[in-house]
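Scroll down for the structure; my scribbles are underneath it.
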Amino acid sequence: MPSYVRPLSPPPLPRYSLSSRARSLFAVLGIVATYPKSGMPGLAGIRRRLRATSTDPSAVEEDFPSVSYSRYDAEDFEILQKIGEIKFGEDAPTTVFVGGGSSIRLYAAKLSPKQARYQPGGQRSEVLCLREHTAAAADIGRREWAAYTHLGADDFSPGPTNSEPENFLPILGAFVTQTMDPIRDTDTSVWTITRLQDLNKDAISLGLEARRLSLSLEEISRILRQISNGATQALLRIHEGGLAHGGIDSSSVVILEGDMSTKKERKMITSGLSNLGYTAKLTAKNSKDAYPFLASHTLAAAAGRRGLEKDTALAASVARREDMRRLGVALLEIALCASGVNTLDWLSQEGRTPSSIGSVVKLGDGGEGIRRIKNSAENARLTVSDVLGEDGWKFLGILAGMEEEDNPFLKLSMATRHPYVKY
C-alpha cells in the first residue's frame with residue numbers, strides 16, 4: 001500500500017493544522033471551517049473526468065496562454081480533508097472584482113511521491129494547502145500565480161523562472177481542473193498550492209502575541225520596524241514590476257521567517273506580502289491588455305477615483321498611492337494591536353477597532369488622517385505613541401499621507417530608506 005493517504009478514507013489532520021491559532025486565522029479571514037461527512041474525490045479523477053467530458057479538452061491547457069501552470073498537475077496530489085471555504089457574498093463581501101456565488105475552498109493535501117513531477121525540499125511528506133478558486137474567483141487564482149511568477153522572473157521577463165521572489169509568501173505552484181462540484185461539465189477551477197503551516201503567518205497575530213507576552217516596548221518597537229521593512233520592500237518590488245497590489249490589508253502582511261518563541265527567533269523576524277489575487281497591470285490601457293491582471297483604472301475606481309479609463313498614467317498613480325495608503329493603515333493596525341490594553345481601551349471608547357482606524361486616513365489627504373490619530377494617541381498617552389516613536393509616525397505619514405500631486409514611486413522608495421526601517 002502506498003505511503004501517502006488515499007482520498008477515500010482521509011484520516012484526521014495533524015493537530016497543528018487545526019490548532020486554535022489556525023481556527024482564529026480562519027475567523028480573521030472570514031473562513032468557516034467545514035468537514036466532509038465522507039471521503040473526498042481525488043484530483044486525478046477530476047482531471048480524467050474533465051478530459052472525458054469537456055467539449056474542448058485543450059481549453060484547460062490553454063486556459064490563459066501567458067500564465068504557466070507547469071509546476072504541478074492534478075495527479076500530483078491526494079486530498080486529505082476540506083478545511084474551510086470563503087464564499088463571496090456570504091463570508092466575504094461581493095466586490096467589483098468577484099461576484100457573489102464564487103468561492104475559494106481550502107483543502108489539506110499531500111504530494112503523491114510516485115506521481116509528483118516537482119518535489120522540492122521535504123514537500124513530498126509535508127501537508128500542503130490547496131486553494132480551489134471557483135467561478136469568478138478563478139481569476140483571483142490566475143492573478144496570484146501570474147503575479148508571483150512575474151515577480152520572481154529575472155528582469156521581469158514575460159516567462160516564469162525557477163526563482164522565488166523575496167518578501168512574498170511562497171506559492172508552490174498552480175494548476176487547472178474541473179470544478180469539484182460542477183454545474184456544467186465545462187466548469188473549471190484554478191488551484192494554487194501553499195504550505196499549510198503558512199495559514200497562521202499573518203503579522204497581526206504576531207502583534208497580538210507580542211502583547212500577550214508582555215514584551216518590553218523597545219522589543220515591540222523593533223519587531224514592528226522589522227515587519228514594516230519587509231512589507232515595504234515587497235510593495236516596492238511589486239511597483240517596480242509594473243504591478244499594483246490592489247488588496248493590501250493587515251492580513252496581507254505576513255511573517256516569512258522567525259517567530260515569537262525566543263528572543264533569538266524574534267530578532268530573525270522578516271515579513272512580506274501575500275494575497276496577490278487583486279493585482280493590476282499598471283501600463284495596460286484596457287482590461288483586455290491587462291488580463292489576467294486587473295487594469296489600473298479598476299483599482300482607481302475602487303479607491304473612489306472613477307472615470308480614468310482613458311488616462312492610464314493617472315490611474316496607475318492612483319493605484320500606487322492607494323497601495324501605499326493601505327499598507328500604512330495595515331502597519332498602523334498591527335502597531336495598535338501590539339501596543340497593549342490602554343490603546344485598545346481607547347479605541348473602544350472612541351467607538352473604533354484597529355481594523356476601522358483606516359477610515360480616518362483618506363487617499364490624498366496630505367497626512368491629515370495620520371496626524372489626527374497621532375495627536376489623539378499622544379493626548380491620551382497611549383502606548384502606541386511610545387512604540388512607534390516620532391520616526392514611526394513620520395514613516396506612516398510617508399506611506400499613507402501623500403498629496404494628490406506626489407510621485408508615489410519616489411515616496412515609496414523614500415519609505416524603504418527611512419530611518420524607521422533602517423534600524
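Couple of notes before you dig in:
- In the range 354-387, of all residues being of a type outside the set (A, V, I, L, M) and not in a helix (DSSP H, G or I), the one that is most open to solvent (accessible area, probe 1.4 Å) corresponds to Arg381.
- Pairing residues of the range 362-391 that are under 16 Å from Ala335 (Cα atoms) and in contact (Cβ under 8 Å) with a residue 60 or more places away in the chain with residues that are open to solvent by 30 Å² or more (accessible area, probe 1.4 Å) and assigned to a helix (DSSP H, G or I), at Cβ distances under 8 Å and at least 6 apart in sequence or on separate chains, gives Thr383/Leu217; Thr383/Asn342; Asp386/Leu217; Val387/Leu217.
- Checked against (1) at pLDDT 90 or above; (2) crowded, with 22+ Cβ neighbours inside 10 Å; (3) not in a helix (DSSP H, G or I), Val421 meets all criteria but (2).
- Among the residues making up the range 227-266, those that are buried (at least 21 other Cβ atoms within 10 Å of the Cβ) and among the small types (Gly, Ala, Ser) are Ser228, Gly230, Ala231, Ala234, Ala244, Gly246, Gly247, Ser250, Ser252.
- Total residues in the range 356-386, condition of a type in the set (Ser, Thr, Tyr) and over 19 Å from Gly304 (Cβ atoms): 3
- Ser271 passes every criterion in (1) touching a helix residue (DSSP H, G or I) at 6+ places or on another chain (Cβ under 9 Å); (2) free of Cβ contacts under 8 Å to residues at least 24 places away in the same chain apart from (2).
- His133 being surrounded by 16 or more Cβ atoms within 10 Å (Cβ to Cβ) and either part of a loop (DSSP other than H, G, I, E, B) or modelled with pLDDT under 90 (or both): no
- Within the range 286-315, considering residues that are of a type in the set (Lys, Arg) and part of a loop (DSSP other than H, G, I, E, B), the one most open to solvent (accessible area, probe 1.4 Å): Lys310
- Any chance Ile334 is open to solvent by less than 50 Å² (accessible area, probe 1.4 Å), aliphatic (A, V, I, L, M), in contact (Cβ under 8 Å) with a residue 40 or more places away in the chain and in a strand (DSSP E or B): no
- Being at pLDDT 65 or above, crowded, with 17+ Cβ neighbours inside 10 Å, of a type in the set (Ser, Thr, Tyr) and in contact with a strand residue (DSSP E or B) (Cβ under 6 Å, 6 or more places away or on another chain) is a property that does not hold for Thr149.
- Of Ser216, Ser271, Ser205, all but one fail to be buried (at least 16 other Cβ atoms within 10 Å of the Cβ), under 19 Å from Gly392 (Cβ atoms) and polar (S, T, N, Q); the exception is Ser271.
The values are calculated or read from the model by the stated rules, or taken from the named source; none is laboratory data. Remember, predicted model here, so these are calculated numbers, not experimental data. Don't worry about glycine lacking a Cβ; one is built from the backbone with ideal geometry, like all the others, and counts go over all protein chains shown. Ligands, DNA and RNA are excluded from the accessible area calculation, which covers all protein heavy atoms including side chains. Shrake-Rupley method; radii C 1.70, N 1.55, O 1.52, S 1.80 Å.
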